[in-house]
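> Below is a structure I'd like to ask you about.
The values are calculated or read from the model by the stated rules, or taken from the named source; none is laboratory data. Bear in mind that the values here come from a model prediction, so they are computed numbers and not experimental data. Because the Cβ atoms are built from the backbone with ideal geometry, glycine has one as well, and the counts that use them run over all protein chains shown.
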Amino acid sequence: GAYTTPNFNYFRRRIISVGSFIIATRPLSEAEIAATMPGNRTCVTSMNIGNYFRLSPDKRLIFGGRARFSATSDQRSDAKSGQILRASLAAIFPQ
């Protein structure tokens, strides 16, 4: 909303900030990559609150999404977001 004109007030009152967070695994072996991300594609889930994931150049699985809906950010709430993402990662990639 930093660059919107006053005629956007209707929308400004209806928009909230939503954090999107990312976690990364250790570098994966070739066997782990073949089991989790064959084809080295970028993926997005189609769930209500989706996740996205891909391999980084150093072969880590980068996994992100909207882990929580909060207007504040601090170490405790960010740690909770990390826990939520780790649980989502484990649900999609149990291996």
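> Tell me which residues, restricted to region 50-62, are under 14 Å from L89 (Cβ atoms) and not in a strand (DSSP E or B). Quick ask: steps written out before the conclusion?
Going through region 50-62, the residues under 14 Å from L89 (Cβ atoms) turn out to be 50-55, 60-62.
G50, R60, listed by residue number.
> I23: more than 13 Å from the chain's Cα centre (by Cα), surrounded by 10 or more Cβ atoms within 10 Å (Cβ to Cβ) and outside any loop (DSSP other than H, G, I, E, B), yes or no?
no
> Follow-up. Could you grab me the full set of residues in region 58-95 that are modelled with pLDDT of 80 or more, touching a helix residue (DSSP H, G or I) at 6+ places or on another chain (Cβ under 9 Å) and either among the charged types (D, E, K, R) or more than 17 Å from S20 (Cβ to Cβ) (or both)?
K59, F93, Q95
> Six or more apart or on different chains, Cβ atoms under 8 Å: show the pairs whose first residue is in region 67-92 and closer than 28 Å to T36 by Cβ and of a type outside the set (G, A, S) and whose second is modelled with pLDDT of 75 or more and in a helix (DSSP H, G or I).
Cβ pairs passing all conditions: R68/S77; R68/K80; R68/S81; R68/I84.
> Here's a follow-up. Would you say R14 is surrounded by fewer than 10 Cβ atoms within 10 Å (Cβ to Cβ) and either in contact with a Phe, Trp or Tyr (Cβ under 8 Å, 6 or more places away or on another chain) or modelled with pLDDT of 75 or more (or both)?
yes
> Now a separate question. Given the conditions (1) among the polar types (S, T, N, Q); (2) within 21 Å of the chain's Cα centre (by Cα); (3) at pLDDT below 75, report the number of the one that T5 does not fulfil.
Evaluating T5 over (1) among the polar types (S, T, N, Q); (2) within 21 Å of the chain's Cα centre (by Cα); (3) at pLDDT below 75 leaves (2) as the failure.
> Condition test on L28, is it among the aliphatic types (A, V, I, L, M), at pLDDT 80 or above and part of a loop (DSSP other than H, G, I, E, B)? Before the answer, list the steps.
Working: among the aliphatic types (A, V, I, L, M): yes; at pLDDT 80 or above: yes; part of a loop (DSSP other than H, G, I, E, B): yes.
It is true that L28 is among the aliphatic types (A, V, I, L, M), at pLDDT 80 or above and part of a loop (DSSP other than H, G, I, E, B).
> Additional query: Please enumerate the residues belonging to region 6-38 that are more than 29 Å from Q83 (Cα to Cα) and either touching a strand residue (DSSP E or B) at 6+ places or on another chain (Cβ under 7 Å) or of a type in the set (D, E, K, R) (or both).
Correct list: R12, R13.
> Would you be able to tell me the number of residues in region 31-49 that are touching a residue at least 60 places away in the same chain (Cβ under 8 Å) and assigned to a loop (DSSP other than H, G, I, E, B)? Please lay out each step first, then the result.
Initially, region 31-49 is screened for residues touching a residue at least 60 places away in the same chain (Cβ under 8 Å), giving 32, 35.
Restricting the remaining residues to those that are assigned to a loop (DSSP other than H, G, I, E, B) gives none.
Of the residues in that region, 0 qualify.
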